Amino acid sequence: MVDVPELLGGRYEVGDLLGRGGMAEVHRGFDTRLGRSVAIKMLRSDLARDATFITRFRREAQSAAALNHASIVAVYDHGEDHVHTESGGAKVNIPYIVMEYVDGRTLREVLSERRQLDPDDAVRVMEGVLDALAYSHRQGIVHRDIKPANVMVATDGSVKVMDFGIARAMADANATVTATQAVIGTAQYLSPEQAQGHSVDARSDLYSAGCMLFELLTGRPPFMGDSPVAIAYQHVGEPPVPPSRFAPDVSEDLDAVVLHALEKPREDRYQDADEFRSDLHAVRMGRPVSIAARSSAAALAGAAAAGVTEALPASGALSDRTAAWDAPVATPPPPPEDEGPLTRRDRMDDDDRGRRPAAAILLVIAVLAALGLLAFGLVKYFGTDAVPTVTVPSVVDAPQDAATAKLTNAGFRVESVTAASDTVDEGNVISQTPEGGTQAEKGSTVRITVSGGPNNVEVPDLAGRTLDEAKQLLSDVGLTLGDVQEVDDPDTEKGVVISSDPAAKVQTKPGTRINLKVGSGKVEVPNVVGMTQNAAQRALADANLQVETEYKQTDAVPEGQVIDQSPKGKTTADIGSTVKLVIAQKAAPTITPTTATPTPTESGTPTPSGTPSP
């Protein structure tokens, strides 16, 4: 056991425990930076030193973080933190995933309370699940563990799918079935190909979705048994019955949709989630479902009728839906927990067994077959010894070309997908299915996941932000602050970002250093000497400087021209500071006084100049 830190990663407050699974614990949390509630999933401490579980936990975070859809629980962040054991021992490195907090309940909790849903409610929920699967499949991600415990129903009625990619890392022997030593899913919702240890694809998720829809409608999974192996046998070899056998209000069209989703060969069932959702929408709107769905129901009804009529006298003729499906059944037992002990498929009393001898015989055969599977294993039981099996080479961490060549030379076909990875070099193999060292049929397909490098992130627009704000925004998206250069800019205050390199909106790898130009708080003073007063004032205003003027009389320069300034041009000054200007003013005119000069007259008496003689 470990002490859960109060502040995980220096950012997330860890609150009450919300749930515990085979691999991780989920706590309610609070993001102290963004001020929002979150859910925090942490790898169990007893698995924290197992490199395989750590790698798979990181892969789940990377896969889920790549999915951005309204019907998928969002992943906000992931990382690792050091915690101490309760005894004060050595530190344990605990990976964690920060997810969207959904205020609601899982479908498993809803079923535990209500036992089953009305057909309309079940269809509406499944449409949301299939929306999520359609999106994830387009992104190349197969869920592998669709079940009621992995679907949330929020208080506003919205549906959210969670735990993408976790199925391969679950290790609960009571709830999962293994093939070639690899964990492949929860028994009640396994596709036939998963039960046989074959490769899975998007159609495997749709089979699991069909199992879940069956349970939503009836309150029980389509197949039940005493052990996971017994249930797996039924998934592979036993046809399903229509949900209407257990829930009479289920329509024939909805029966057909469920039975088509539960076809054993994957090429016979729905080929993508959109087809499945389209038929459910048709049921909800009262329109006919697809021909493929009706054909599946007709074929299974015919098979069931043939099986029963062989054991019944001619007088026991069948009508409407076949007697094999309409025969009385005991009240179904309560639905099993996804990760708890599994119950028998049917519990019929003596009278029922008397009325249905063929079903009783089939049940005995199924039990015997399950015992055989326990002894010899699924792969051997189904005759795969007829096909040569070889050891799958391990190609994890190898370059893609080398991995492909190695697998091809060993006799396998290779499929590859690309996924982001912070820990595996770009172009190298992150994981493979089946895993290296296991046995697989020669000529079968090995699926490898190749690293595309870290998920690129977009450089945020930092212009106008303070340096502290910019640093925080960069940290939030996984980028780091690089060099900071101060630049004189009249429009930017000191410490405010002007631009970044790489620029805003550019995609770059996490951890990239982002260089910033920030305002110095200063500006270069324009040289306005020789300008007119109006022109000088405009230039200084454009530089975000104040102006103070004084006048000096002179005839040396035209009136209104700037004679001098302080501070001088080309020097720097604080933004908003004052520049003093000296403006030329025309000198006042000089006035010379006039003196009267006397003018002599004929009589010899001087007369003032300008005064007429008498």
Give the accessible area for His198 in Å² (nearest 10); use a 1.4 Å probe, count only protein heavy atoms, and leave out ligands, DNA and RNA.
80
Please give, to one decimal in nm, the separation of the simple spin-label points placed at Arg284 and Glu493, each 7 Å out from Cα toward the Cβ.
5.2
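Which FRET efficiency value, to the nearest 0.05, do you get for Thr391 and Val417 by plugging their Cβ-Cβ distance into 1/(1 + (r/R0)^6) with R0 = 30 Å?
0.85
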Report the full-extension gain for the segment Ser112 to Asp274: residue separation times 0.36 nm, less the Cα-Cα distance, to one decimal in nm.
55.4 nm
Using Cα positions and a limit of under 27 Å, work out the lysines in reach of Lys568, with same-chain residues fewer than 8 apart set aside.
Lys494, Lys517, Lys522, Lys552, Lys580, Lys586
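Kirkwood hydrodynamic radius, computed over distinct alpha-carbon pairs, for the stretch 194-307: how many Å, to one decimal?
14.3
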Taking 0.36 nm per residue of separation between Glu426 and Leu34 and subtracting their Cα-Cα distance, the length gained on full extension comes to 137.9 nm
Using the beta-carbon distance between Thr408 and Asp542 and R0 = 45 Å, what value does 1/(1 + (r/R0)^6) give for FRET efficiency, to the nearest 0.05?
0.05
Can you compute the FRET efficiency between Thr155 and Asp46 using 1/(1 + (r/R0)^6), with r the Cβ-Cβ distance and R0 = 45 Å? Round to the nearest 0.05.
0.85
Run the quick spin-label model on Thr572 and Leu18: label points 7 Å from Cα toward the beta carbon, then report their separation in nm to one decimal.
5.1
Cut-off 13 Å, label point 7 angstrom out along Cα-to-Cβ of Ala70: give me the residues of the stretch 131-161 whose amide nitrogen falls inside.
131-132, 157-160
Rounded to the nearest 10 Å², the accessible area of Met285 using a 1.4 Å probe with every protein chain kept is 100
Under 21 Å Cα-Cα from Lys41, which lysines qualify once same-chain neighbours fewer than 8 residues away are excluded?
Lys91, Lys147, Lys160
Restricting to lysines and to Cα separations under 19 Å from Lys406, and discarding same-chain partners fewer than 8 apart, the set is Lys442
Beta carbons within 10 angstrom, averaged per residue: use that to sort the peptides 544-553, 497-506, 448-457, highest first.
448-457, 497-506, 544-553
How big is the stretch 507-583 on each of its three principal axes, counting only the C-alpha atoms and giving the largest first in Å?
67, 19, 15
In nanometres, the difference between 0.36 nm per residue of separation and the alpha-carbon distance of Thr554 and Asn455 is 28.6 nm
Relative contact order of the stretch 417-511: what whole-number percent is it, with Cα pairs under 8 angstrom and at least 6 residues apart?
32
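The values are calculated or read from the model by the stated rules, or taken from the named source; none is laboratory data. Since the model is a prediction, treat every value here as computed from it, not as a measurement. All Cβ positions, glycine included, derive from the backbone under ideal geometry; neighbour counts span all protein chains shown. Heads up: the accessible areas ignore ligands, DNA and RNA and are worked out on the full protein's heavy atoms, side chains in. Shrake-Rupley method; radii C 1.70, N 1.55, O 1.52, S 1.80 Å.
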